[in-house]
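Q: Right, I'll just put the structure down here and ask away after.
Every number here is computed from the coordinates shown, using simple stated rules; none is lab data. Given the structure is predicted, the values throughout are model-derived calculations rather than measurements. Here the Cβ positions follow ideal geometry from the backbone for every residue, glycine too, while neighbour counts run over all protein chains shown.
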């Protein structure tokens, strides 16, 4: 049994699960092998909807197969599009979004997320995020460009207005400096404490 | 309504609530105004037990009154003792422990937790922590000595064996460098993944 602090992915699910409810809308900005898409699809239930993006056909196929096996295809819109075009395909406000940066596990390690498109997607997600809604970003640093992407993201979130956004950075201080970390962003409720 | 990422205290309760169950034993290493003691007392239920430490009589009285109002005095052992003497008073294994460092809110700001006794208490807590058990430490940096205490703690947890301990440091990157942060430590289950 893995502990609740074991990985950034486990922690991201813990945070998202606190806010995402049946009937909600959510985005998986990096479908990859479909683990997060499946997690979101379960949480939003049959009345909810998940938009899942990935530029790689392999990722879309794997995610579709995973959803099919779980019988949860009905509530997921799979999009083989760059997540920087998110607003073209997500017309509604969302309650949660998940990013899992870097390359597709088991796929071509040269195809990685890039800071410019990652930040463009994140900005669009923040625009359509409901009050109380939450975004998780798992950042890997082991691959080429990973450290740089992590730094640009940290710089971006450090500049988010603390009156509007609660932002956390969650690291594992007793692991390698290249170990992945998690960023969580929650939109404050206006008039809330 | 505060968000789940709003403060280190809210996050500490979220983490502790994942592992602490009815009938468990827990420690509040810094009873203070009694908020964490009350939280732990509710979680462990009538069959559980909470040991709460504070060197200040004012803190013990406030905590006792808070427990009395909630009708939860029965399961709490209040100890006006330094938490560095924890092992003298806690003979059993525990599932969770909470630290809230710095001074007593509303009390004498010159009476603060100190790195040497904080680390002594933390070491003793880790010795008696059950597998899967969790420790939260909210670290304040605004007062004199606070920054130093935070650094010593970070250095200590960075050296915990990653094969035995999952450790997280949770910061708010869009706030002041003096804003409080949270450390979470979970003891891995032997033979677990």
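Q: For the stretch A:141-164, enumerate the residues that are facing chain B (nearest Cβ under 9 Å) and either touching a residue at least 24 places away in the same chain (Cβ under 8 Å) or in contact with a strand residue (DSSP E or B) (Cβ under 6 Å, 6 or more places away or on another chain) (or both).
A: Answer for the stretch A:141-164, where residues must be facing chain B (nearest Cβ under 9 Å) and either touching a residue at least 24 places away in the same chain (Cβ under 8 Å) or in contact with a strand residue (DSSP E or B) (Cβ under 6 Å, 6 or more places away or on another chain) (or both): A:154, A:157, A:160.
Q: Another question about this same structure. Could you check how many residues of the stretch A:171-193 are within 7 Å of another protein chain (Cβ to nearest Cβ) and more than 15 Å from the chain's Cα centre (by Cα)?
A: 9
Q: Oh, and also: Which residue pairs have Cβ atoms under 7 Å apart, sit 6 or more places apart or on different chains, and have a first residue in the stretch B:96-112 that is without any contact (Cβ under 8 Å) to a residue 40 or more places away in the chain and a second that is surrounded by fewer than 24 Cβ atoms within 10 Å (Cβ to Cβ) and outside any loop (DSSP other than H, G, I, E, B)?
A: Note: pairs meeting the criteria are B:109/B:103; B:112/B:103.
Q: Across the stretch B:1-44, what is the total count of residues that are surrounded by fewer than 18 Cβ atoms within 10 Å (Cβ to Cβ) and assigned to a loop (DSSP other than H, G, I, E, B)?
A: Looking only at that region, the number is 7.
Q: Right, something else. For the stretch A:58-95, give me each residue that is touching a strand residue (DSSP E or B) at 6+ places or on another chain (Cβ under 8 Å), surrounded by fewer than 19 Cβ atoms within 10 Å (Cβ to Cβ) and closer than 16 Å to residue A:43 by Cα.
A: Hits for the stretch A:58-95 are A:75, A:77.
Q: Continuing with this model, one more query. Out of B:16, B:60, report the one residue that is under 30 Å from residue B:151 (Cα atoms) and within 14 Å of another protein chain (Cβ to nearest Cβ).
A: Being under 30 Å from residue B:151 (Cα atoms) and within 14 Å of another protein chain (Cβ to nearest Cβ) holds for just one of B:16, B:60, which is B:16.
Q: Still on this structure, please answer the following. Which of the following residues is touching a residue at least 12 places away in the same chain (Cβ under 8 Å) and touching a helix residue (DSSP H, G or I) at 6+ places or on another chain (Cβ under 8 Å): B:44, B:19?
A: B:44
Q: Of (1) within 22 Å of residue B:124 (Cα to Cα); (2) touching a strand residue (DSSP E or B) at 6+ places or on another chain (Cβ under 7 Å); (3) away from chain A (no Cβ under 14 Å), residue B:55 satisfies all except one. Which?
A: Failed condition: (2).
Q: More than 14 Å from chain A (Cβ to nearest Cβ), touching a strand residue (DSSP E or B) at 6+ places or on another chain (Cβ under 7 Å) and over 16 Å from residue B:16 (Cβ atoms): which single residue out of B:106, B:102 fits that description?
A: Sole residue among the options that is more than 14 Å from chain A (Cβ to nearest Cβ), touching a strand residue (DSSP E or B) at 6+ places or on another chain (Cβ under 7 Å) and over 16 Å from residue B:16 (Cβ atoms): B:102.
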